[in-house]
Every structure is written in structure tokens, then in C-alpha cells.
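Everything on this sheet refers to the single structure shown next.
The values are calculated or read from the model by the stated rules, or taken from the named source; none is laboratory data. Everything numeric here is computed off the predicted structure, so don't read it as measured data. Cβ placement follows ideal geometry from the backbone for every residue including glycine, while neighbour counts extend to all protein chains displayed. Quick note on the areas: whole protein, heavy atoms, side chains included, nothing else; ligands and nucleic acids left out. Shrake-Rupley method; radii C 1.70, N 1.55, O 1.52, S 1.80 Å.
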Protein chains: 2
Amino acid sequence: MQKIVPNISVDCVIFGFDFKQLNVLLVERKLQDEKTGETLIDDWTLTGYHIFEDEDFDTAAARILKGLSGLDNIYLEQFYAFGKVSRVDSPKDNIWLKHQHEGFSSRIVTVGYYSLIDNSTVTLQLQERNVKWFSITDLPELGFDHQEILNKALEKLRSKLRSEPIGFELLPEKFTLSQLQKLYEAILGTTYDRRNFRKKVLQMKYIIPLNEKQKAVKHKPAQLFIFSRDVYERTKRERFDFSI
Amino acid sequence: MQKIVPNISVDCVIFGFDFKQLNVLLVERKLQDEKTGETLIDDWTLTGYHIFEDEDFDTAAARILKGLSGLDNIYLEQFYAFGKVSRVDSPKDNIWLKHQHEGFSSRIVTVGYYSLIDNSTVTLQLQERNVKWFSITDLPELGFDHQEILNKALEKLRSKLRSEPIGFELLPEKFTLSQLQKLYEAILGTTYDRRNFRKKVLQMKYIIPLNEKQKAVKHKPAQLFIFSRDVYERTKRERFDFSI
DNA sequence: TGTTAGTGTGTGAAATTTACACATTGTAAA
DNA sequence: TTTACAATGTGTAAATTTCACACACTAACA
């Protein structure tokens, strides 16, 4: 059994895309009074855990994600560290932490990672806890300061999506241009003209058309594409928004 | 006297611009053997310190910066948290930490902030330590993992500079377009055509020309401009690089 | 009064962005 | 088998942005 670092944790914001919405994975936090049966806490949190003494941040994040999904090699990006003294301070949070009595420190600092997974295939679970996908446009009440953490994760994800090809991590290997467009629209909260989007994407040589079409759809099947990181790395050029 | 958190620190990467180069402020780390006088350590580090028990990350970063400059309200941005188990591991680092004997933990995690200041005016100092500006193109040997931290800071600064108007933090309030151009060139490592740069900047309404010219220069004095964050916030539009 | 060093300005070609409408394809239901 | 449905796939013209490029101007100083 490894020793945990009592005052440092890692929280994972796990994003998934179902071809319609951007979703985030949350774990239910439920606590009932042992005697009266009264519901003391019933809300949702991100998944996180303390780091071990001999463990890097990245490793801890990957461990947490693996515990939930069984998957390795998932896209993970550290986006912010949260260190406010008062970040875990509500009565509910204190009841919960006391109940866990794992020797947590009173002042816990957390490092946020977001992770992008194709949630059309995987189903995630955590032993004995209720785990569920929520659309980012329709979130339940969140425990701790996890609403703030999620907001920051979204902000950083959006910013990164604007300048780097990370959206593909949320799609299956083979995807259609409409799926890609919906992904960008869902995350950035805009809409694009289909023809213009298509024109733009098709001139990117690292988005490669396949001789293959969608199957089992009840309409005209669309052409499938893959993203080549290889071609991307070789051909990318530093664009300068110059948004000063 | 406040108690420090033994395993968490904040490190500040302090950037300055002298109208030619992007510079970073470093503190000399020098240690001589008390008996033999032999130089055990002689290199440079970023400025950092442990956080206090009742202190937020942001507050700690501001405190460190204030200790060095006497200044408040300096631009500070958290850019990454460093948590590798082996991040402070070299013989030199261990000698240094032992010598400090302030009860530091063996595993120290640090949160990186970068700060942008106009170094044409301020001179910084730290009591009893040698403090110096270094061009980022000509750095000395750095202690701990500070080279890695600096690299990350630069990467994040560059990325942010491409999409947000933070460059002005490195300039005096009134600046010329050439100064602005050199700033961008120094940080991003490119060059721009003067006419095109000027054209681009002048169509940004939040860069406002003054009825005032440079003084005490031995050539044709240039017009001065100010940046209006106010106008920027009102008129900015989300540009979409779409660099997928 | 000439030299120096950096400022300030315009145009045309090429590339990119934007707005916009209709025919096509496969599935499923009538 | 026919029809309705739902989503795919495609082109053009106008507007805007990007890019390359050279010479006259001004203050200070010698």
C-alpha cells in the first residue's frame, strides 16, 4: 500500500462527445445519516484522488482515469492548479471529508487535468459509486469547488481547440465531417456553414479521406476521414492570430 | 511568523522587455564550503518560495513578486504545476536544500507563474542575493528543474501572446509601434514587415494613437500609442484559427 | 549642413473568408 | 414500389485579409 500525500490531489475533468453534445463525467456523492436515514449530501463531483508519495502528477491523473475506464493512453492535459485556502469549505464538503476519514489534510491543493475520450464506445464505471455523463449545458449541483474547476477546464479546452488539433481525441478514429463540425460547434458554442467548414477542412492535408462510408445510418451515408498527426506535425505552420 | 506548507512552493518566471530582447530575472545561487572555501554551487534560479498555510497560490506569487520589486498589481499568470517526483534531485540541489535547513520536505511540488513587467523603469533586488536580467537567448546554467519551468513558461507565454493582448504589460503605458513590433518579434522569434504590421495594428481600435511623440531620441521621434483594455473587451471577437 | 538612425506611407496580386440554394443518396414507412 | 425523410455533397461571386515591396521624411548630432 502506497502512502498518499495528504495535501495534494489530482482531479480529472473527463470530457466525452456523443455526436451531439459535449459531456462531462461525474460521480455521485451521496451520504445518508446512519441513524435517521436523512439525506445529508446528494450532489455530484469530478473524479479525483490524492497523489501517492512516489507518483508524478501525470501518473496520478492516468491512474485515476484508468481506474474509471480501464483505458491507457487517453489524452490528458494538465490545465490549472487550484490552491485557494477556502476551496473546500462548505458544510457539505466538511461532512463528506470527515466521513471519509482517510487522514486528509485540512488544506488540500488540487491539480486539474482534462481528458478527452470517445464516449461512443467506452462505458465508464467506478465501484460502488454512481457514475454518469452530463451535458455541459445541463449540469447538476457540483460538490467542492468543482464547478469552478470545470469552468476553467472548459475555458482551457476551448482555447486549445482553437489552435491545436485535439478535437479528434473525442471522435472515433474514423469520423465524418459533419461529426467534426458538430464537435466544434458543441465545444465552442457556435455554428458554421457546412460548405465553408468542409472547404476549410478539406484543404488540411492531415485530414485524410478514406474509401469508406458510414454504415447503419438511416440516411445517405457520409464519407469517413481520419486525422493524421504525422502529417499534421510535418505541415503545420504557426498561425498568428495577432488578437492583440 | 506564518507557517509554511513544507511540500508546496510557487515559482515566478519574471519576464521583462528592454525594447530589444525578452529577458528573464534570475537569482544567483552560490555556495562555498565553509572550511576550504571551495565553490560548491554557482548557478542561477528563478525566484520562488513556499506558500504559507493560509495563503492562496495567487497571493503567494504576488508576495514573492512584491518582495523582489516592491510592486503590486503586476501581471501574473499561473501557467503550470510541476510535480515530478524527481524534479529536485541533482547533487547540487540536495546540497543547497540541506544548507537551507528550513525543514523542507523531500518531495516539493511547485506551481509556476509568469509575470510580465516593464523593465525599462523598475530595478529589482533581493536582499543579500545577486539578481540579474538575462536575455532568454543567452541563459546561464539553471539550478533545480528551472530550465524546464522556464521553457514551459515561454511556451505558454508565446501561445497566450498569439491570442490575447498581454504584450502591453511588458511595455510602458505609452509606446511606439516599433517597440510593439520588436516585442512580438522578440517573444515569437520571427520578424514582420513594418508596413504590414502597422496596417494590422492600426485597424485595432483598442490601440489608440496619442497626440504625442517620443522624446530624447536621436532620430525622428515616433508617435506614441496606448492600449485600451476597455475598448478591447468591448470590441474583441473570437477568432478561430481552426488550426486543426 | 551633411550624416545618421529610425519613422511613416500605398499599391497590386494572391489567398482567404463569407454568404448562399439545390440536387443526391440510402433507409424506412406507407 | 413508391414516397417521405434526413442528412450528404457541391460552386460561385463579393468582400476582406494577407503579403511583398521602396522611398521620402524628420530630428539630433557632429
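At-a-glance table
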item: Phi to ³J(HN,Hα) by Karplus 6.51 cos²θ - 1.76 cosθ + 1.60 over region B:178-194, Hz, x for Gly, Pro; result: 5, 4, 4, 4, 4, 4, 5, 5, 5, 6, 8, x, 10, 10, 10, 5, 4
item: Angle between chain A longest axis and helix A:57-69 axis [Cα atoms, degrees, rounded to 10]; result: 80 degrees
item: The protein assembly as shown, helix-only ellipticity at 222 nm - DSSP H runs n ≥ 4, -39,500 (n - 2.57), divided by all residues, nearest 500; result: -8500 deg cm²/dmol
item: Whole-percent carbon and sulfur share, accessible surface of the protein assembly as shown, 1.4 Å; result: 47 percent
item: Dipole magnitude (debye, nearest 20) for region A:4-163, charges at Cβ of Lys, Arg, Asp, Glu; result: 400 debye
item: Cβ-Cβ FRET estimate between A:Glu212 and A:Asp18, R0 fixed at 30 Å, reported to 0.05; result: 0.85
item: Nearest 10 degrees, 0 to 90: helix B:146-163 Cα axis against chain B principal axis; result: 20 degrees
item: Label geometry 7 Å along the beta-carbon vector: A:Gly67 inter-copy distances in nm; result: 3.5
item: Fluctuation leader among A:Gln203, A:Gln223, A:Gln181 - chain A, Gaussian network, Cα springs under 10 angstrom; result: A:Gln203
item: Copies compared at A:Thr123 - label distances in nm, ascending, label defined 7 Å from Cα in the Cβ direction; result: 7.0
item: Between B and A, accessible area buried - total, square angstrom, nearest 100, 1.4 angstrom probe; result: 3700 Å²
item: Distance between modelled label sites at A:Tyr75 and B:Arg195, nm, 7 Å Cα→Cβ extension; result: 4.2 nm
item: Label distances, nm, B:Lys199 versus same residue in remaining copies, Cβ-directed 7 Å point; result: 2.2
item: Among beta bridges that DSSP assigns inside chain B, antiparallel share in %, nearest 5; result: 75 percent
item: At most 16 other Cβ within 10 Å, DSSP loop - chymotrypsin sites (Phe, Trp or Tyr not before Pro), region A:85-184; result: A:Phe104
item: Highest-MSF residue in chain A out of A:Ala60, A:Ala216, A:Ala81 [GNM, Cα springs under 10 Å]; result: A:Ala216
item: Max mean-square fluctuation residue, GNM over chain B, Cα-Cα springs under 10 Å, options B:Ala153, B:Ala61, B:Ala186; result: B:Ala186
item: Kirkwood Rh in Å, taken over all unlike Cα pairs in region A:173-235; result: 12.6 Å
item: Aspartates and glutamates whose Cα lies under 18 Å from that of A:Lys199, excluding same-chain neighbours fewer than 8 positions away; result: A:Glu185, B:Asp241
item: Beta bridge orientation in the protein assembly as shown: antiparallel %, DSSP, nearest 5; result: 75 percent
item: Mean separation of Cα contacts under 8 Å, 6 or more apart, over the residue count of chain B: relative contact order %; result: 23 percent
item: Per residue value of the accessible surface for chain B (all protein chains in place, 1.4 Å probe), Å²; result: 53 Å²
item: Farthest positive-ward along region B:173-235 dipole, Cα basis, beta-carbon charges - from B:Tyr206, B:Thr191, B:Val231; result: B:Thr191
item: For the protein assembly as shown: Kirkwood Rh in Å [reciprocal of mean 1/r, alpha carbons]; result: 25.4 Å
item: Assigned charges on the beta-carbon of Lys, Arg, Asp, Glu; the protein assembly as shown dipole about Cα centre (debye); result: 3100 debye
item: For B:Arg29, residues with placed amide H under 5 Å, excluding near neighbours; result: B:Asp43, B:Trp44, B:Thr45
item: Rh by Kirkwood over Cα pairs, then Stokes-Einstein D for chain A at 0.890 mPa s and 25 °C, µm²/s; result: 123 µm²/s
item: Angle between chain B longest axis and helix B:91-100 axis [Cα atoms, degrees, rounded to 10]; result: 80 degrees
item: B:Gln203-A:Arg158 pseudo-label distance in nm [points 7 Å out on the Cα-to-Cβ vector]; result: 2.5 nm
item: Region A:133-164: GluC sites (Glu not before Pro) in DSSP loop, at most 13 other beta carbons within 10 Å; result: A:Glu141
item: Cα convex hull of region A:1-89, projected area averaged across orientations, nm²; result: 8.6 nm²
item: Region B:1-76 - percent relative contact order, Cα under 8 Å, separation 6 or more; result: 33 percent
item: Two-site FRET efficiency, B:Lys30 against A:His219, from Cβ-Cβ distance with R₀ of 51 Å, rounded to 0.05; result: 0.10
item: Förster radius 41 Å - calculated FRET efficiency between A:Thr59 and A:Arg234 (Cβ-Cβ, nearest 0.05); result: 0.85
item: Selection of GluC sites (Glu not before Pro), region A:1-104, meeting DSSP coil and at most 10 other Cβ within 10 Å; result: A:Glu34, A:Glu38, A:Glu102
item: Options B:Ser90, B:Gln147, B:Gly48, ranked by Cα towards positive dipole end of region B:4-163, top entry (Cβ charges); result: B:Gln147
item: Dipole in debye (nearest 20) - region B:173-235, about Cα centre, beta carbon charges: Lys, Arg +1; Asp, Glu -1; result: 300 debye
